[in-house]
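The values are calculated or read from the model by the stated rules, or taken from the named source; none is laboratory data. All figures in this text were calculated on a predicted structure; none of them were measured in a lab. Here the Cβ positions follow ideal geometry from the backbone for every residue, glycine too, while neighbour counts run over all protein chains shown. For accessibility, only protein heavy atoms count, side chains too; no ligands or nucleic acids. Shrake-Rupley method; radii C 1.70, N 1.55, O 1.52, S 1.80 Å.
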Amino acid sequence: MPSERTPLLPRHPSAMDARDVRRQTAATLVILVVLTLERLAYYALATNFFLFLNKGPWNGPQAWDSLDAMNAVFVLAGVSYMSALLGGYISDAWLGRFKTMVVGFLLYISGYILLTLMAVDRLPRTICEGNDNLDADDDGPPNAPCRVTVYLSVTIVGLGVGIVKSNIAPFGAEQLNTPNPQKTRSFFNWFYWCINLGSLVGVGAITYIEQDNPGICVNGFFCGYLISSVCLLLALILFIMLLPCYHIVPPEGSVLGNIVKIIWEAFCAQIRHWRYNRPNPSSSPLPLEPRFLDRAKVRFGGSFHESAVDDVRSLGKLLNVFTALIPYWLVYFQMETSFQAQGLHMRFSIHGTNHTNVTEEELEEIKMKKFNVPAAWLTLFNQMFLIGAIPLLTSFLYPVMDRAGIRLSMLFRIGIGMVFSILAVMVAGGLESYRIFLWRTDNSTHIEQIVGNVTYHAVDISIFWQIPQYVLVGAAELFASIAGLEFAYAAAPRTFQGMIMGLFYTMEGIGSLLGTALLHLVSPFWLNNMTDYGNINDNHLDFYLYFLGILQFTTFLIYCGSLYMQRFSLRPIAMPRRRSSRGRRHNADSHTDREQGGASLLKEEEEEEEDEGDDEDRVEEEDGGKEDARPSDIQLLL
């Protein structure tokens, strides 16, 4: 008697869900590891690139002068920030996020290979034909790189950095495949945690190898760049290996053309309205006019569908928030500029003493015993604070607040970050005022400190008094930077999400450039002793820091006022809300209506009412259109 085969039963839905969860977890973890390795490589280069060109392993006369080395660093930073917008556009319009990131990593690794070969003078010398730096002996120290190879390398690396940076955050958030705001918030918290972990290792370990040539590393920069190149290659291999686990969202084509067309069509319609519209005495005493961009909609005589116009409107709201963050970025970049200048004029040796009244023999003995803390190492306290605080917030504080019904919206967290940034520069300004007071009133506190070939006239105050201002900047990042990243992803329309993330980073770069311009603007008044870089004691760096605090405080007041007006202002109602069953049925069919684009006038009017509500709720921190969630946010705002 033939045996009966047991029919194959379909897999249980819970088993499918568990498999999807495992894939999602694996994809998210690998993306965070890739991010950590990428940030390690970037900070290992950006932190010490000036020293690489200005000192490096070259013969003394071959080293780049300070101005040329500084320009190369600015090119690296500028290209990495500005190319973020290009990377977002390429992913949205043509390649998608996965392929765009692979291209970015290939550029990144190629540029790093050039830098690694440059550190040992193994690039073809025909590239630098005619360069004066090629006369050294082959058995001696390597030749300093020529400008062509340096600017080519930093441009390639900068393009790779910007392309990867603009896509890795939205690609990682897409792996969650859920509209749950708590999961999105948790992801971006851990995302920023990995950024700081990578920068901690890059600044604390790799830059140490580059500067001090430990162990077998005769050429520290070669060893550091080689380690960073291997980290980038490992990141690319891990990223590609997990391809079967990724949730890939295909590109939806370029939207820049539509954005320009919608704005132009609305502008032309507004001009026609002003020129040809005549008041009608018999009309309603309260005429309802469409908003500016609404004139490009089909219902008002335009040629674009409701959703396309609303996406462009949301872009304007995103730009408003990004613009409000520019003073915050001005404060953030003080860690790399004025905070370090202040630290160089404080005692950064563990065993400090007054070096002006000792003999040469005593001075040499002191130099042998003391340990100098690099001023740039103070940023490690910022990173260590974030590495400790982010898990505490993500795993404990935020879940407790959620269970208690207290919701810190994205825009509210950005406001908290602004408050901490105000405190940071005010504390830094107070410390600088005290330092200048001691310099001018107590000669016994004067010390001289030599870094490289520069003598700094400092005050005998420990550099560790700067820790509070670095920690306060870290607290500002904990709220404003993380919430800004989350907002750039959550509030952006799907059609140009990568471009919005690139725009977020581009605005960060603009903040850095504006900080440089502001420094040159106020230098004739407060920083006029620019010829002697070893002495800023006759300047007023404290006034500059106070000015940044006042600027940030003013922006914070405007920011809070705009949020208050946006939440509580009265808006004209386009038409009475209909209570018919057709209006209630709209929620189920809205997606189909958007795809067809041929709905009746009544359906489009109802859709516009819902779209306006959704657009406002999405920009006002994931409220989801729930009125019962607003009171807690209002109490927190007040």
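Listed cross-link partners Lys261/Lys317; Lys165/Lys297; Lys183/Lys261 are compared with a 26 Å cut-off, the Cα-Cα value being larger for Lys165/Lys297; Lys183/Lys261. Descending by average beta-carbon neighbour count within 10 Å, the peptides 242-249, 202-209 line up as 202-209, 242-249, the highest first. Near Phe221: Cβ cut-off under 10 Å, other residues only, Lys/Arg at +1 and Asp/Glu at -1. The net charge is 0. Given a Förster distance of 25 angstrom, what is the FRET efficiency for Leu29 paired with Arg403, based on the Cβ-Cβ distance and rounded to 0.05? After rounding to 0.05, the efficiency reads 0.45.
Once backbone amide H atoms are built at 1.01 Å from N, Tyr456 has Gln449, Ile450, Val451 as its partners under 5 Å, excluding neighbours fewer than 5 places away on the same chain.
Assuming a ≥ b ≥ c are the square roots of the Cα gyration tensor eigenvalues, decide whether region 448-503 counts as rounded (a/c under 1.5), prolate (otherwise, with a/b larger than b/c) or oblate. Mind showing how you got there, number by number?
Numbers: a/c = 8.58, a/b = 2.63, b/c = 3.26.
Judged from the Cα gyration tensor, region 448-503 comes out oblate (a/c at least 1.5, b/c at or above a/b).
Calculated from the alpha-carbon coordinates, region 139-241 shows an Rg and a Dmax of 17.9, 62 Å respectively. Mind listing the long-range amide H neighbours of Ile461? Cut-off is under 5 Å, sequence gap 5 or more, other chains count too, H placed in the peptide plane at 1.01 Å from N. For Ile461, whose amide H was placed from the backbone, the distant partners under 5 Å are Arg347.
Calculated accessible area for region 137-273 comes out at 43 Å² per residue, all protein chains present (probe 1.4 Å; ligands, DNA, RNA ignored).
Say R0 is 35 Å: what FRET efficiency, to the nearest 0.05, do Val75 and Ser562 get from their beta-carbon distance?
Numbers: r = 36 Å, r/R0 = 1.02.
It comes to 0.45.
Applying Stokes-Einstein at 25 °C and 0.890 mPa s to the Kirkwood radius of region 187-240, computed over alpha-carbon pairs, gives a translational diffusion coefficient of 200 µm² s⁻¹.
Karplus-based coupling profile of region 414-429, in residue order and whole Hz: 4, x, 4, x, 4, 4, 5, 5, 4, 4, 4, 6, 5, 5, 4, x, with θ = phi - 60° in 6.51 cos²θ - 1.76 cosθ + 1.60 and x standing for Gly or Pro.
Shape analysis of region 420-459 places it in the oblate category; the axes a ≥ b ≥ c from the Cα gyration tensor give an a/c of at least 1.5, with a/b not above b/c.
When only Cα pairs below 8 angstrom with a gap of at least 6 residues are kept, region 374-460 shows a relative contact order of 13 percent. Taking every Cα-Cα distance in region 229-276 and sorting them into 10 Å bins starting at zero, the pair-distance distribution P(r) comes out as 20, 20, 18, 16, 14, 11, 2 percent. Packing order of peptides 76-89, 434-447, 335-348, highest average first: 76-89, 335-348, 434-447 (average count of other Cβ atoms within 10 Å over each peptide's residues). When all protein chains stay in place and ligands, DNA and RNA are ignored, the 1.4 Å accessible-area order of Lys261, Lys165, largest first, is Lys261, Lys165.
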